[in-house]
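Worksheet: one structure, shown below.
The values are calculated or read from the model by the stated rules, or taken from the named source; none is laboratory data. Since we're looking at a predicted model, the values are computed, not measured. Virtual Cβ from ideal backbone geometry, glycine too; neighbours counted across all protein chains shown. Protein only, heavy atoms only, side chains kept; ligands, DNA and RNA dropped before computing areas. Shrake-Rupley method; radii C 1.70, N 1.55, O 1.52, S 1.80 Å.
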Amino acid sequence: MAYFTYFDTVSYVYSYAGDDSSTFEENCAGAAAVLEKYHRLFDIYHEYSGVTNLKTLNDNAGGAALEVDPELIDFLVYARGMYDTTDGKMNVMMGSVLSIWHDLRTAAGDDPASARIPTDEELQTAGEHTDISALEIDEENCTVRISDPDASIDVGALGKGYATEMAARWLEADGAFGYVLNVGGNIRIVGTKPDGSGWVTGVKDPANTEQFAVKLMLTDTSCVTSGSYERYYTVDGVRYHHIIDEATLFPADYYSSLTVVIKDSALADALSTALFCMPYEDGA
């Protein structure tokens, strides 16, 4: 097993393939390099020398188009496609709204007595700057521009799953088999165990996170859960979690936990967020 700290979480790489230590270390290093690259590209809080990342784009909102890495172009094109697929429920241009909730949740953690929820005016004003059309992508010239100076990108609903999928595809292309990536709870399995069997993956019980609500036996797939029980804060006895419904600009209140099992980890991440913000009938 090897572990890393990208996307503000702990990530693990497990292998049951029986590789020698040198092969395992090489595979882990390759997967880690992919995760690190996307961690830097998707960071909205820090800049890195020689990298035009999401923080750079957000800081430049309303300005000229910026040249970015082809990998970031590919991701943003994918994200825009997921917006269409989910009828806008998975929208990477929700940054203006998400930052309000994030800042209030952080402040509540520092001083619970001062915890509050956003005002309607704050949310309505921020909600006017979430139009996906403000994200201008020029694939031919490899540039990106945010046309609205008050808009910003936030890929928390998709970035980790996308990076996990890219790391898994690197392992597959390298011939690795029998590996499991656990990137902050996003599970992506490459192949099977040597005997052809799968891995038992537990889905936490949101009412008691020390227990599992269900256990799944999985091979060569991904498993992503969106839940209301890990990132939240409390105001007047009411919990407000981090998954915000674009229709209400408030935390979605359809489920406590929702899990998607599908091979593509990026798609699983996008769908788990989108479905969490839909009634069951619409999601089905």
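Every condition in (1) free of Cβ contacts under 8 Å to residues at least 40 places away in the same chain; (2) over 19 Å from ALA173 (Cβ atoms) is met by ALA29 except one, and the failing one is (2).
Quick one: is ALA213 of a type in the set (Gly, Ala, Ser), open to solvent by 60 Å² or more (accessible area, probe 1.4 Å) and out of contact with any strand residue (DSSP E or B) (no Cβ under 8 Å at 6 or more places or on another chain)? No: the conditions fail for ALA213.
For the stretch 1-41, which residues satisfy the criterion of being among the aliphatic types (A, V, I, L, M) and within 25 Å of ASP154 (Cα to Cα)?
Looking only at the stretch 1-41, we keep the residues that are among the aliphatic types (A, V, I, L, M), and these are 1-2, 10, 13, 17, 29, 31-35, 41.
Residues satisfying the conditions are VAL10, ALA31, ALA32, ALA33, VAL34, LEU35, LEU41.
Would you check if GLU246 is acidic (Asp, Glu), open to solvent by 40 Å² or more (accessible area, probe 1.4 Å) and not in a strand (DSSP E or B)?
yes
If I filter the stretch 172-183 for residues that are in contact with a Pro (Cβ under 8 Å, 6 or more places away or on another chain) and surrounded by 16 or more Cβ atoms within 10 Å (Cβ to Cβ), do I get at least one hit? Within the stretch 172-183, one or more residues are in contact with a Pro (Cβ under 8 Å, 6 or more places away or on another chain) and surrounded by 16 or more Cβ atoms within 10 Å (Cβ to Cβ).
Just one of the listed residues (THR52, THR23, THR106) is open to solvent by 60 Å² or more (accessible area, probe 1.4 Å) and of a type in the set (Val, Ile, Thr), and it is THR106.
Scanning the stretch 109-138 for residues that are surrounded by 15 or more Cβ atoms within 10 Å (Cβ to Cβ) and under 15 Å from TYR232 (Cβ atoms) yields ALA115, ILE117, PRO118.
Annotation: ARG231 fulfils all but one of (1) at pLDDT 95 or above; (2) under 21 Å from TYR255 (Cα atoms); the unmet one is (1). Taken across the stretch 41-60, residues that are among the hydroxyl-bearing types (Ser, Thr, Tyr), modelled with pLDDT of 95 or more and in contact with a helix residue (DSSP H, G or I) (Cβ under 7 Å, 6 or more places away or on another chain) do occur, with at least one present.
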